[in-house]
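A.B. asks: Following this message is one structure expressed as structure tokens.
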Amino acid sequence: MTRVFITGASMVPVNRHYDMSLFDLAESAFMGLRKTVEEMPEVDAIIVANSFAQKLENQSMLGFKLSKRLGLSGKLSMTVEQGDASGGAGILAAYSMVKSGVARNVLVVGLDKFSDFPSKFVNDAVSTTLEDVSYYEGLLPAPYGALIMKSYMSKYGVKANYFYNWAIKMHSNALENPYAYLRFPVDSETVRKSQEVSTPMKLFDIAPRADGASSVLVSSEDFKKVSDSPVEIGAVEFDSGEPTISSLEFPLRKAQVKGDKAVIEISDSFSVSAAIELESLGLAEKGKSLESLDSLNVNLSGGLKARGYPGGATGVYQVAEVYMQLIDQFPGKKAREAEEGLVLNTDDLLRTSYMIYLRR
């Protein structure tokens, strides 16, 4: 089977884009992508990764509609939905198409938009990812995150201020990222005084949802010449299962990278999620991961916590960010001598995950 490469990527800054529609965001991401390649090859397929447009925007068939908007009518098009892991699912679909020979160039566009809607409607949409009983009881993902946080604190004997390290580090990273939503520093006192959302979880333990769109061009080996610096997708792995909150067992496999030699983007929907992911991936010691962040090139974008949380577009942003790091074109904080990359894109409660390996 053919080798698979990323030959271009683009992002729209994560923000509250009141002046742009869902499709405006997608078009902006695509136009940005066109500027990154030497000559745009013929696109054989378009995949849209989106989580909540059907609920919030009353819009379906996004793949078909966007293909028309971008002048790609008649091409294979589809929409992929897997909660906040939709971006990873879209990358897996594109990788599989190219690897198998079904397509030579696949455009993946991740997009979601939240700012046009009151929090009540956004919370209702996000809660549809929960089991039907939880959804109809009016529960939100955050209380489940708080239970995980309590379990972590009990198991490893840490206090709430242990998690402050993540918010402080992510905001520090985001300061240098022009695509980030929350570009301001925070300290432990800021986090401590922030609103308590669900005991012991505070506002700064939760990633803020905002509007975003990102695009990635996935190409076969025959087309890697369209980029001066193509990055190979070495593998895409998938895990799924019901996490055991009491024992902190989650369906994540060990990472096949060395943490000090790789640039890494993980899905930190909650600060405790970051701790669990780093430890489950084998990149940090259990119960101490958030005390050793300076030894890892992790979430140099600012992560979901400070770059912002663009729903189903998240995985596409992560891949674009790691790609840009590996070709030394990321406009924010740079990785230290990284030659390989890892993206872990999960839903907000780590029930389904996509692990994407990239290498120069």
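The values are calculated or read from the model by the stated rules, or taken from the named source; none is laboratory data. All figures in this text were calculated on a predicted structure; none of them were measured in a lab. Please note: Cβ atoms are built from the backbone with ideal geometry, for glycine as well, and neighbour counts cover all protein chains shown. To get the accessible areas, we keep the full protein, side chains included, count just its heavy atoms, and leave off ligands, DNA and RNA. Shrake-Rupley method; radii C 1.70, N 1.55, O 1.52, S 1.80 Å.
A.B. asks: Which count do you get for residues in the stretch 233-252 that are under 23 Å from SER301 (Cβ atoms) and assigned to a loop (DSSP other than H, G, I, E, B)?
C.D. replies: Of the residues in the stretch 233-252, 2 are under 23 Å from SER301 (Cβ atoms) and assigned to a loop (DSSP other than H, G, I, E, B).
A.B. asks: When you check ASP211 against the structure, is it out of contact with any helix residue (DSSP H, G or I) (no Cβ under 6 Å at 6 or more places or on another chain), in contact (Cβ under 8 Å) with a residue 60 or more places away in the chain and buried (at least 19 other Cβ atoms within 10 Å of the Cβ), yes or no?
C.D. replies: Working: out of contact with any helix residue (DSSP H, G or I) (no Cβ under 6 Å at 6 or more places or on another chain): yes; in contact (Cβ under 8 Å) with a residue 60 or more places away in the chain: yes; buried (at least 19 other Cβ atoms within 10 Å of the Cβ): yes.
In short, yes.
A.B. asks: Next question. From the list VAL109, VAL191, VAL186, which residue is within 26 Å of VAL263 (Cα to Cα), crowded, with 21+ Cβ neighbours inside 10 Å and β-branched (Val, Ile, Thr)? Can you show your working first?
C.D. replies: Values: VAL191 fails: within 26 Å of VAL263 (Cα to Cα); VAL186 fails: crowded, with 21+ Cβ neighbours inside 10 Å.
After applying the criteria, what remains is VAL109.
A.B. asks: Residue by residue through the stretch 82-115, note down the ones that are more than 19 Å from LEU342 (Cβ to Cβ) and in a loop (DSSP other than H, G, I, E, B).
C.D. replies: GLY83, GLY101, VAL102, ALA103, ARG104, LYS113, PHE114, SER115 - these are the residues of the stretch 82-115 that are more than 19 Å from LEU342 (Cβ to Cβ) and in a loop (DSSP other than H, G, I, E, B).
A.B. asks: Can you give me the number of residues within the stretch 13-42 that are open to solvent by 10 Å² or more (accessible area, probe 1.4 Å) and part of a loop (DSSP other than H, G, I, E, B)?
C.D. replies: 15
A.B. asks: All but one of (1) surrounded by 15 or more Cβ atoms within 10 Å (Cβ to Cβ); (2) hydrophobic (A, V, I, L, M, F, W, C); (3) over 30 Å from SER220 (Cα atoms) hold for LEU72; state the number of the condition that does not hold.
C.D. replies: (3)
A.B. asks: In the stretch 43-69, what residues are among the small types (Gly, Ala, Ser), within 20 Å of SER115 (Cβ to Cβ) and exposed (fewer than 14 other Cβ atoms within 10 Å of the Cβ)? Step through it out loud before you land on a result.
C.D. replies: Looking only at the stretch 43-69, we keep the residues that are among the small types (Gly, Ala, Ser), and these are 45, 49, 51, 53, 60, 63, 67.
Next, from what is left, pick out any that are within 20 Å of SER115 (Cβ to Cβ): 49, 51, 53.
Matches in the stretch 43-69: none.
A.B. asks: Now for a different question. Out of curiosity, is ASP132 more than 23 Å from the chain's Cα centre (by Cα) and among the acidic types (Asp, Glu)?
C.D. replies: Working: more than 23 Å from the chain's Cα centre (by Cα): yes; among the acidic types (Asp, Glu): yes.
Criteria met by ASP132.
A.B. asks: Give, as residue ranges, the helices (runs of 4 or more DSSP H) completely inside the stretch 254-360 that count at least 2 residues that are over 21 Å from ASN15 (Cα atoms) and in contact with a Phe, Trp or Tyr (Cβ under 9 Å, 6 or more places away or on another chain).
C.D. replies: Values: elements: 271-280, 303-306, 314-326.
It comes to 271-280.
A.B. asks: Among (1) farther than 14 Å from LEU358 by Cα; (2) at pLDDT 95 or above; (3) open to solvent by 30 Å² or more (accessible area, probe 1.4 Å), which single condition is GLU237 missing?
C.D. replies: Among (1) farther than 14 Å from LEU358 by Cα; (2) at pLDDT 95 or above; (3) open to solvent by 30 Å² or more (accessible area, probe 1.4 Å), the lone unmet condition for GLU237 is (1).
A.B. asks: Can you confirm whether ASP132 is within 25 Å of PRO200 (Cβ to Cβ) and among the acidic types (Asp, Glu)?
C.D. replies: Numbers: within 25 Å of PRO200 (Cβ to Cβ): no; among the acidic types (Asp, Glu): yes.
The answer is no for ASP132.
A.B. asks: If a residue has to be crowded, with 17+ Cβ neighbours inside 10 Å and among the charged types (D, E, K, R) to count, how many in the stretch 240-254 make the cut?
C.D. replies: Qualifying residue count for the region: 0.
A.B. asks: All but one of (1) under 19 Å from MET97 (Cα atoms); (2) free of Cβ contacts under 8 Å to residues at least 60 places away in the same chain; (3) among the acidic types (Asp, Glu) hold for GLU57; which doesn't?
C.D. replies: Result: GLU57 passes all but (1).
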